[in-house]
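First comes the structure, then the notes that go with it.
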Number of protein chains: 2
Amino acid sequence: MDAAVCFSGGKDSSLAALLLDPFYDVTLVCATAGLADSAVHAREAAGDLGFPFERVELEESVVREATEQVVADGFPRNGIQAIHEHVLEEVAGLDYDAVADGTRRDDRVPTIPRAFAQSLEDRHGVDYLSPLTGFGRGAVDRLVETHLDVESGPSEQLPKGDYEAEIRAVIAEEYGPETVSECFPEHTQTRVRGRR
Amino acid sequence: MDAAVCFSGGKDSSLAALLLDPFYDVTLVCATAGLADSAVHAREAAGDLGFPFERVELEESVVREATEQVVADGFPRNGIQAIHEHVLEEVAGLDYDAVADGTRRDDRVPTIPRAFAQSLEDRHGVDYLSPLTGFGRGAVDRLVETHLDVESGPSEQLPKGDYEAEIRAVIAEEYGPETVSECFPEHTQTRVRGRR
């Protein structure tokens, strides 16, 4: 069975891939509209982990609408959730047996309710897998520590392949860098450099 | 890191153990008050899977109270949930880094709410793992098919190491076999004979 794991190059989606690896033929997938260098960074991290990689084209309007949402809200949660749901639909429509992501039990965003998961599975004839939802924050941290070589730093200095990178780029272009800081409180991001 | 997986000899707890196996030193644990042959059957299945096994003693009162609940309700859900929560507390108090179970995303019983999981982790200083909550019914079935050698049949003919076996034994002894059939609608159970 093959599984497409929605991949940002961060520790959560990397760990999700490692958990599935013994049971599925894993491909790491980065969905992007090409408004930032997301695919470049995700592809590099996928190579470092030793997984095949596929770039999935997103409609630019999906990212732009999510960006409007983030700016209107003043925080990223709803915009990121909207992109992620859209990406799951896109990837579920590809030719994989399963679509997976790095959603965690203790995450607030993105969250995939069971009803959404079942609907996605029924409509596309795929399995939706979120292996990290079975693990709490502490367990995830310990597994990352043991199995991944991770670099961390502030979001703006750590180029990644996540939705945030692309939304940041659009906000910076349309509203200026100050609006980026207003919408995204400073926090530490991670980027994976390989397996341990 | 070592993990104690609450184990019945059925396909769900077996698959949970297989998912954790590449990342933890797994021990399969059967908690029983000894009112049925649960530990015998669970130990045999654990051996067939190639995992170490530990029997954990439950207070007889825990099973008897759950049995009263099942008879009063006329269905097993609340009684089984009560035993499972008690067992998680007991196993979390042992000397493992993590306690795990075979709870599934699409299960109605037992269900472990996130708040219960976090409380268990905080109070006992362990990680609670429920690897199957990241997988839907279809994905679980396909993984079982691929990785486990499973025998299935009606509950009363398939001796297992689950809570149901012990509750059935107590009901049969105290209320007679008819009450067993009234409380447990006939359904197909599984018992694992090894890995594929």
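Only the coordinates and a few stated rules stand behind these numbers; no lab work does. All values derive from a computational prediction rather than experimental measurement. All Cβ positions, even for glycine, are placed from backbone atoms using ideal geometry, and neighbour counts span all protein chains on display.
Points worth noting:
- Simple Cβ-charge dipole of the range B:81-131, Lys/Arg +1 and Asp/Glu -1, about Cα centre, in debye nearest 20: 280 debye
- Fewest-first ranking of A:VAL56, A:VAL109, B:VAL170, using other Cβ atoms within 10 Å as the exposure measure: A:VAL109, A:VAL56, B:VAL170
- Partners of B:LYS160 within straight-line reach, counting aspartates and glutamates whose Cα lies under 12 Å from its Cα and excluding those fewer than 8 residues away in the same chain: B:ASP37, B:GLU44, B:GLU151.
- Principal axis analysis of the Cα atoms in the range A:115-196 yields extents of 41, 36, 20 Å, listed in decreasing size.
- Amide hydrogen neighbours beyond the local backbone of A:ALA31, cut-off 5 Å, H modeled: A:PHE7, A:VAL56
- Whole-angstrom gap from the range A:179-196 to the range A:41-71, using each part's C-alpha centre: 15 Å
- Charge dipole of chain B about the Cα centre (unit charges at C-beta), most positive-ward option of B:CYS183, B:SER155, B:GLY194: B:GLY194
- For A:ILE112, neighbours were defined as the other residues whose beta-carbon sits under 12 Å from its Cβ, and their charges (Lys and Arg +1, Asp and Glu -1) total -1.
- Under 5 Å, built H, 5+ apart or other chain: amide partners of B:GLY136: A:TYR128
- Using θ = phi - 60° and Karplus 6.51 cos²θ - 1.76 cosθ + 1.60, couplings along the range B:179-196 (whole Hz; Gly, Pro as x): 5, 4, 5, 5, 7, 10, x, 4, 8, 8, 9, 10, 9, 8, 9, x, 8, 8
- Across the range A:2-195, the mean sequence separation of Cα contacts (distance under 8 Å, 6 or more residues apart), normalised by length, yields a relative contact order of 30 percent.
- Each Lys and Arg Cβ is given +1 and each Asp and Glu Cβ -1; about its Cα centre, the protein assembly as shown then shows a dipole of about 420 debye.
- The mean number of partner chain beta-carbon atoms within 10 angstrom of a residue's beta-carbon across peptide B:123-131 is 4.
- Cα centre as origin, Lys/Arg/Asp/Glu Cβ charges: the range A:2-195 dipole, Debye: 680 debye
- Averaged over the residues of peptide B:135-145, the number of Cβ atoms from other protein chains lying within 10 Å of each residue's Cβ is 5.
- Shortest-first nm distances, B:ALA115 label point to equivalent points in other copies (7 Å, Cα→Cβ): 2.1
- Measuring spread by the Cα atoms of the range B:52-148 yields a radius of gyration and Dmax of 14.8, 40 Å.
- Three principal axis extents describe the C-alpha atoms of the range B:2-195; from largest down they are 45, 37, 28 Å.
- GluC sites (Glu not before Pro) within the range B:1-92: DSSP coil, no more than 15 neighbouring Cβ in 10 Å: B:GLU59
- The same position A:GLU68 in the other copies lies at 6.2 nm from this copy, comparing label points 7 Å beyond Cα toward the beta-carbon, shortest first.
- Exam field: A:GLU182 pseudo-label spacings to other copies (7 Å along Cα-Cβ), nanometres: 6.8
- With the convex hull drawn over the C-alpha atoms of the protein assembly as shown, the volume per residue is 136 Å³.
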